[in-house]
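Chemist: Below you will find the structure I want to go over with you.
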Amino acid sequence: MVQLSPSAEPVRVAISARSIYDELKRQIGTGIFGEDGSLPSSRGLAEELGVSRTTVTTAYEQLHAEGYIEVSQGKRPRVVRTNRIAQPFAEGRVQSREPRYSSFGKRVAMSPDASAAAPTEMIADFRHGDLSGEDFPVLAWKRAVTDALREQRARLTYLDPRGSKRLRTALQGYLWRARTIRCDVDQIVVVNGSQQGLDLCARLLLDPGDRFVIEDPCYDMAREVFSATGAIAMPVQVDSDGMKTTSLSGVDAKLAYVTPSHQFPLGGVMPMARRLELVEWAERSGAYILEDDYDSEFRYDISPVPPLQAIGSFGAVLYLGTVSKTLSPSLRLGYLVVPKELSQGFARAKMLADRHTPAPQQEALATLIEKGIYEAHVRRLRRLNHERRETLLNVIRLKFGDSAVVEGAAAGLHLVLWLTGLPKHDEPLLVDEARKAGVGVHSISPLYNGTEEGRRDCAGLVMGYSGLDGRSIERGIQILADVVRNLESGTPPPGAVGPGFRGAALC
Ligand SMILES: Cc1ncc(COP(=O)(O)O)c(C=O)c1O
């Protein structure tokens, strides 16, 4: 054991004017001081580093003499504008070594990089999950957050890990009105978006070697979070009615993850008979079902079907909802409704993860729901997205005619576009060519679990439309149609199936 004598001085690394100069020069190169370019005041930095002000001033004078910063009386020094362009981080002081991950860490680090690429300027990006900034109720949200901050208590403390009681009460009413879900307030856990709900379920319900049922194709972020626990995926094929529940007979799994309101990505709405079959299987086998109801607010040509949570009577279903499709994916707000006997475990796990979801946002959402603003906003958004969907379907019909098949457009905020004249191995080429032409499209293939059983034998794209206006949708599809036509008529890329593939219906 290390013995510290009572008089032990904290260890200090000597900091010289030279080392401050070197480090600041490097930081200026990496663009650390941002657009504004302001460095800390010499007094402030001297205090933070525990050196004399003269030491910092000497470093600043040298940077000034070499033209890196400009100084003016009474103001903080600023990086000279031409130096504000970030260079890649060049010299690292710390030598890297082999990572020594846990087995969980190894599984996570090995999985493909799922971090959302920063959106680039394009004529149209059909990325699923984006919403239009113009749809966000800025004023109502601003007012609600300001009210929440004004009503902040005198003493700032950690709150209930399950979330604000006020929000959970508001959600309890909303879930019954919108989805006929009946639950106690204590069954609701407010989470940082569905993704944290998935993560909590994975940690609490799966052990390494356990099996989980997953739709094929599926939401990749769910598959990855469950696989990261060391559990084994059991893909079950999906058709136009969602998961083929007959395939479940005899399947032994701890958890089944499903998207019955609008299967992701194929868009099927699971009929009642399958829902009953699924719930019966879970009740019989002792498995839990995780029902991801991510975009059920958006139904266009169909009447609502009760969620699985409202069907089962033995507490087999965990229900997951989010405001990522109704307000913004960047708010990171979602909710889980868990069976009563799991509520304690989920509260503890949420506390260990991050104590609780930020309070002002929770209170603001509670205000919107209590005042009826949220539901009015959802109705408005449903109309707007209905219009976007109509525009998209019309222009697809016009530009592609018989050479495309659309699937899963009756609900939600995306559809699947199958390009019947392009082989599926052309998807990466199509995505690349479309991007070069200014249109973002996204391949369906990575969402399959490897088996591709029942998959159409042609290229497929998952087309989100909630982030785009009508004009961009039209332009984007026109350009995409040109790109597809060029690929269909051009020289077959390596691996294509010969001359016969051009324009022929593959699926
Ligand atoms: C199937 C599915 N579930 C959930 C979500 C939303 O996730 P989150 O609430 O973490 O933003 C998405 C987003 O695209 C999704 O496709």
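The values are calculated or read from the model by the stated rules, or taken from the named source; none is laboratory data. Everything numeric here is computed off the predicted structure, so don't read it as measured data. Here the Cβ is made from the backbone with ideal geometry for all residues, glycine too, and neighbour counts use every protein chain on show. Accessible surface areas use protein heavy atoms only, side chains included; no ligands, DNA or RNA. Shrake-Rupley method; radii C 1.70, N 1.55, O 1.52, S 1.80 Å.
Chemist: For the condition free of Cβ contacts under 8 Å to residues at least 12 places away in the same chain, over 16 Å from Ile188 (Cβ atoms) and within 16 Å of the ligand (Cβ to nearest atom), what is the one hit in Ser324, Ser330? Explain how you work it out, then say what you get.
Modeler: Values: Ser324 fails: free of Cβ contacts under 8 Å to residues at least 12 places away in the same chain.
That would be Ser330, the only listed residue that is free of Cβ contacts under 8 Å to residues at least 12 places away in the same chain, over 16 Å from Ile188 (Cβ atoms) and within 16 Å of the ligand (Cβ to nearest atom).
Chemist: Here's another thing I want to ask about it. Which condition breaks for Ser249 when tested against (1) open to solvent by less than 10 Å² (accessible area, probe 1.4 Å); (2) of a type outside the set (Lys, Arg); (3) at pLDDT below 95?
Modeler: If we test Ser249 against (1) open to solvent by less than 10 Å² (accessible area, probe 1.4 Å); (2) of a type outside the set (Lys, Arg); (3) at pLDDT below 95, just (1) comes out false.
Chemist: Can I ask one more? When only residues in segment 344-389 that are of a type in the set (A, V, I, L, M) and in contact with an Asp or Glu (Cβ under 7 Å, 6 or more places away or on another chain) count, which is nearest to Leu167 (Cα to Cα)?
Modeler: Pass one, segment 344-389, residues of a type in the set (A, V, I, L, M): 347, 349, 351-353, 359, 364-366, 368-369, 373, 376, 378, 381, 384.
Those left that are additionally in contact with an Asp or Glu (Cβ under 7 Å, 6 or more places away or on another chain): 378, 381, 384.
Values: Val378: 17, Leu381: 22, Leu384: 27 Å.
Checking each candidate, the answer is Val378.
Chemist: Which members of segment 337-367 meet the condition of being more than 23 Å from the chain's Cα centre (by Cα) and either touching a residue at least 12 places away in the same chain (Cβ under 8 Å) or in a strand (DSSP E or B) (or both)? Talk me through it step by step, then tell me what you get.
Modeler: At the first step, the residues of segment 337-367 found to be more than 23 Å from the chain's Cα centre (by Cα) are 339-345, 348, 367.
Once the filter is applied, which keeps residues that are more than 23 Å from the chain's Cα centre (by Cα) and either touching a residue at least 12 places away in the same chain (Cβ under 8 Å) or in a strand (DSSP E or B) (or both), segment 337-367 yields Pro339, Lys340, Glu341, Leu342, Ser343, Gly345, Arg348, Thr367.
Chemist: Could you check, for segment 391-409, whether at least one of its residues is without any contact (Cβ under 8 Å) to a residue 40 or more places away in the chain and either under 25 Å from the mean Cα position of the chain (by Cα) or open to solvent by less than 10 Å² (accessible area, probe 1.4 Å) (or both)?
Modeler: Yes, there is a match, as at least one residue in segment 391-409 is without any contact (Cβ under 8 Å) to a residue 40 or more places away in the chain and either under 25 Å from the mean Cα position of the chain (by Cα) or open to solvent by less than 10 Å² (accessible area, probe 1.4 Å) (or both).
Chemist: Mind checking which pairs have a first residue in segment 155-168 that is acidic (Asp, Glu) and a second that is surrounded by 17 or more Cβ atoms within 10 Å (Cβ to Cβ), Cβ under 7 Å, 6 or more apart or different chains?
Modeler: If the second residue must be surrounded by 17 or more Cβ atoms within 10 Å (Cβ to Cβ), the pairs left are Asp160/His356.
Chemist: Report, by residue number, each residue of segment 65-82 that is more than 16 Å from Glu23 (Cβ to Cβ) and not in a strand (DSSP E or B). I'd like the intermediate steps shown before the answer.
Modeler: From segment 65-82, those more than 16 Å from Glu23 (Cβ to Cβ) are 65, 67, 70-76, 78, 80-82; that's our starting set.
Scanning segment 65-82 gives Ala65, Gly67, Val71, Ser72, Gln73, Gly74, Lys75, Arg76, Val80, Arg81, Thr82.
Chemist: For segment 476-492, state whether one or more residues are at positive phi, modelled with pLDDT under 95 and open to solvent by 40 Å² or more (accessible area, probe 1.4 Å).
Modeler: no
Chemist: Out of segment 163-199, which residues are in a helix (DSSP H, G or I), open to solvent by less than 10 Å² (accessible area, probe 1.4 Å) and within 12 Å of the ligand (Cβ to nearest atom)?
Modeler: Matches in segment 163-199: Gly193, Gly197, Leu198.
Chemist: So, one more: Residue check, Ala222 against (1) in contact with an Asp or Glu (Cβ under 8 Å, 6 or more places away or on another chain); (2) assigned to a loop (DSSP other than H, G, I, E, B), all met but one. Which one?
Modeler: The number of the failed condition is (2).
Chemist: Of (1) over 30 Å from Pro235 (Cα atoms); (2) free of Cβ contacts under 8 Å to residues at least 24 places away in the same chain, Pro428 satisfies all except one. Which?
Modeler: (1)
Chemist: Then there is this: With respect to the numbered conditions (1) without any contact (Cβ under 8 Å) to a residue 24 or more places away in the chain; (2) not in a loop (DSSP other than H, G, I, E, B), which one is the sole condition not fulfilled by Glu283?
Modeler: All conditions are met except number (1).
Chemist: Still on this structure, please answer the following. Looking at (1) within 28 Å of the chain's Cα centre (by Cα); (2) without any contact (Cβ under 8 Å) to a residue 60 or more places away in the chain, which is the only condition Phe314 fails?
Modeler: So Phe314 meets the others, but not (1).
Chemist: When you look at Pro260, is it within 22 Å of His128 (Cβ to Cβ), touching a residue at least 40 places away in the same chain (Cβ under 8 Å) and not in a helix (DSSP H, G or I), yes or no? Before the answer, list the steps.
Modeler: Values: within 22 Å of His128 (Cβ to Cβ): yes; touching a residue at least 40 places away in the same chain (Cβ under 8 Å): yes; not in a helix (DSSP H, G or I): yes.
Considered against the rule, which asks whether it is within 22 Å of His128 (Cβ to Cβ), touching a residue at least 40 places away in the same chain (Cβ under 8 Å) and not in a helix (DSSP H, G or I), Pro260 comes out as yes.
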